[in-house]
Every structure is written in C-alpha cells, then in structure tokens.
Amino acid sequence: MEENVFDVLQERGFIAQTTHDEQLRELLGKEKVKFYIGFDATADSLTVGHFLTIMAMMHMQQHGHTPIALIGGGTTMIGDPSGKSDMRTMMTRETIDYNANRFKEQLSQFISFDDGAAIMVNNADWLLDLNYVTFLREIGVHFSVNRMLTAECYKQRMENGLTFFEFNYMLMQAYDFYVLNQRYGCKLEMGGDDQWSNILAGADLIRRKKIAESPDGTVPAKDPAFGLTFTLLTTSDGKKMGKTMKGAVWLDPKKTTPYEFYQYWRNIEDGNVERCLGLLTFLPMEEVRRLGALEGAAINQAKEVLAYEITKIVHGEEEANKAQEAARTVFASGGVSENMPTITYSKAQMDAGLDILSVLVDTKLCTSRGDARRNVEQGGVKLNDEKITDPLRKLAETDIQDGSILLRKGKKNIYKIVIE
C-alpha cells in the first residue's frame, strides 16, 4: 500500500497544526490534492527559512500531489505583520517583480513544473486591480474585526501600533486561497506555524463564501478547504534559525557561498541535529534517529552528514563535496583549501595600509569597526597562527604564507586573504 504523505510529514516532524487531522489525512490518501504555499517576494533570494517549506512541497509532489507555488507580488506591496514588531519597509513594484522572478528560478531547482506537475502563480494578477468597494462587499463582509484582533500576528503588532494598511493583509491572503480554490480546485494551504491565523482565515472564507452561494445555505461536503502549518526551525533560545552575524542564510550561492552554507549546518546546536535531519534531508528516519542519538564528540559526525546532505540538495553534489573537503582541510588540519571563503586585495591596497579592522568588516566576520575592535582586543582574532591584539595592526608581506594569509575569528570563522 502506498505511503500516505500525511504520515511522512508527521513522522519527519513537519506538522505543527492542521484544521482537520483525520479528514485531511484521508483526503491525501485517496486523491491527488492541489495545495499551495505562498512566498512573499521581500528579497532577491529564498532563505533557509523557506527551505523547510520547499522540502514539504517536494515530499508532497513525490507522493503525487500538485504544488501551487504562489509568488506574493501583490501581498508584498502590503507586508505580512506576522512575527514582526515593526512595519515592513514598503517596496517598489519593480523591486517586487524582480524578486518574484528570482524566486521562480530558485523554486524551479526543487519542484518540477513539467507537464502540469506544479503550478506557479503571482497574486499580483488578481490583487493589484481589485475594486476596493467591491472587495469589501464580497470579501470584507465575511471577516469579524473582533476575531481578527485575537489573531497572534496582530496581537504582537498592537503594542507598537498596527496600521490599517497591514490589517488588510489577512484579507488578502485569505482571498488568495479563495481564488486558487475557485480557479484550480486548490483544497489545502500550507505554511509556517506563524501563518496559522492567516491560513485559518482563508479556509473560513472559502466555507463562508460557499454557504453564501449555496441555495440552501450549507457547505457542500465534497469541497472542504484545509490548512496545515509546519513547525518553525528555532534555536534553543527560541529565535528563528537561518540567521548568522552576516545576516540571513540564503539559497543563492552568490549571497551565501556553498562553503558558508555548509558551515552553517555543520555548526548548529547539538539539540537541533536530529530535528534538522528529519526536516531538511531525505535520509530514512531510521538513519535520522541513529545519527540523532550520537553523543559527545560523535555528534559531529551527524552534523557533517546534515551539512553535506542539505548542501547537496540546495547546491548539488559537486559543491557539497567541495564544501566538505574545504571544511575538513581547514578545521581538521588548519590547512588552506581553494574552496574556502576568500577575499582578494591588490598589492597597492596592502602597501597603502590595510588594517585588520577593515579586513574583518570587509569579510563580514565582524559587523562594524567597533565590533572588530572588541574581537581583536578580547584576543579572538588571528592572522595565520598569530593572535592579534593591536587594533591598529596592518597586513604586511611577511604575513603571506604559501601565497595567502589566513584570518581567523574564533574557532569556526575563517577567511583566506589573497594579495594580487
């Protein structure tokens, strides 16, 4: 008997909440379901935060279900208040369109769109030309302000001031689900657990619209709408995973190199290893549990497997091999690898005086000159094997060994400096 994808997602740790557990499991077991996940185009690359939802899409597609990847060209004009203490910066239409196209390219690396296996849509197509009064009459009438104000995404923003501008976001996301339900027969919306309120609103809107449109005022039983949310990847102190001192961990290799991407997963907290192996790789669950049970120094073996497997999915086997080789060379033997992060300066720049603080900021090993100064004065910075304690120290030709200089910050952050 074919495995039910609901059971797969549950066993691997994806499912946080659903609207109807048993009904949804039954539906996914007996028919091919169209489902959607939304991606607001707030940057020019997807991040590791998106990767968890992409993995869920891949599992769903492998079990015969049809993903609808919704690019939020319209909703990004507003900005989702969920999990935000401040209002998002408003973006231009041109920037949003550019970002949306980049998302399409990246999603196509993971999801097959051949022969209708998946659908990609942009909600700008139906949101940007809406008639406001018509929208309020046909959609807004189904929303209770009292109920909306109890939603977690709004409660967090109420303290700092929730604008009416953002208050519309829930209506727009709910309308997306309704439009996809009408146009494509989409029966399921999936997303991170911080989207629970918005997903509930969409399923409820579909139900209310069907009641309003049915002759006898009841919901047709054969056309339900479901919601499912994923567990959020968080660190032990409750912060979302996917952030480093340099900022977000991106799927675009130009923004986060495959080596840096590999290193991020190689260095995660011990307590997150088994969870991430279940969620972010395709390893069998027996192997996930075996690796997750390793303790002490042996847990590093599990971290290596995790980093390699995720890097292979995102950047391909060749880049994963290079990243692993570089990491082993650098950290096992303290050597230099051609695949490690590298920054290049000209001989003229060095002769003019290239100070250690500038290099730490240029490599983004430190966020500012003040941060760099603190790290130097606290003894956390090395050039090759020499601890640097003078913040005025400049790079010199005598620092060059075998054609390069190794800059280390702490035990895990290292850059190769090349002078040409």
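The values are calculated or read from the model by the stated rules, or taken from the named source; none is laboratory data. Predicted model, so just to flag it, every value in this text is computed and none were measured. Ideal geometry is used to build each Cβ from the backbone, glycine not excepted, and the neighbour counts take in all protein chains shown.
Some notes on this structure:
- Scan of the stretch 155-186 for residues that are touching a helix residue (DSSP H, G or I) at 6+ places or on another chain (Cβ under 7 Å) and part of a loop (DSSP other than H, G, I, E, B), ordered by number: Leu162, Cys186
- The sole residue among Ala307, Ala297 that is assigned to a helix (DSSP H, G or I) and at pLDDT below 90 is Ala297.
- Summed over the stretch 27-71, the residues that are touching a residue at least 60 places away in the same chain (Cβ under 8 Å), within 15 Å of the chain's Cα centre (by Cα) and assigned to a loop (DSSP other than H, G, I, E, B) give a count of 5.
- Filtered residues of the stretch 1-55 (kept if within 18 Å of Asn272 (Cα to Cα) and not β-branched (Val, Ile, Thr)): Leu9, Gln10, Glu11, Arg12, Gly13, Phe14, Ala16, Gly49, His50, Phe51, Leu52, Met55
- Condition check for Thr281: modelled with pLDDT under 95 and hydroxyl-bearing (Ser, Thr, Tyr): no
- Within the stretch 98-146, the set of residues being loosely packed, with under 11 Cβ neighbours inside 10 Å and aliphatic (A, V, I, L, M) comprises Val133, Val141, Val145.
- The one condition in (1) surrounded by fewer than 21 Cβ atoms within 10 Å (Cβ to Cβ); (2) aliphatic (A, V, I, L, M); (3) touching a Lys or Arg at 6+ places or on another chain (Cβ under 6 Å) that Ala307 fails to fulfil: (1)
- Test: Thr329 is assigned by TED's automatic domain parsing to the domain that holds Trp265, closer than 30 Å to Leu107 by Cβ and either of a type in the set (Ser, Thr, Tyr) or at pLDDT below 85 (or both): no
- Scan the stretch 173-189 for residues that are crowded, with 21+ Cβ neighbours inside 10 Å and either polar (S, T, N, Q) or within 15 Å of Leu130 (Cβ to Cβ) (or both) and the total you get is 6.
- Complete set of residues in the stretch 370-395 that are outside any loop (DSSP other than H, G, I, E, B) and touching a strand residue (DSSP E or B) at 6+ places or on another chain (Cβ under 9 Å): Ala372, Asn375, Val381, Lys382, Leu383, Lys387, Lys394
- Qualifying residue in the stretch 274-283 (condition: touching a helix residue (DSSP H, G or I) at 6+ places or on another chain (Cβ under 7 Å), closer than 27 Å to Thr53 by Cβ, part of a loop (DSSP other than H, G, I, E, B) and of a type in the set (Val, Ile, Thr)): yes
- Residue in the stretch 205-213 that is outside the structural domain of Asp362 (by TED's automatic domain parsing), in contact with a helix residue (DSSP H, G or I) (Cβ under 7 Å, 6 or more places away or on another chain) and modelled with pLDDT of 90 or more present: yes
- Listed by first and then second residue, the pairs with beta-carbon distance under 6 Å, at least 6 apart or on different chains, first residue in the stretch 301-316 and over 14 Å from Glu269 (Cα atoms), second part of a helix (DSSP H, G or I) and hydroxyl-bearing (Ser, Thr, Tyr), are Thr311/Tyr262.
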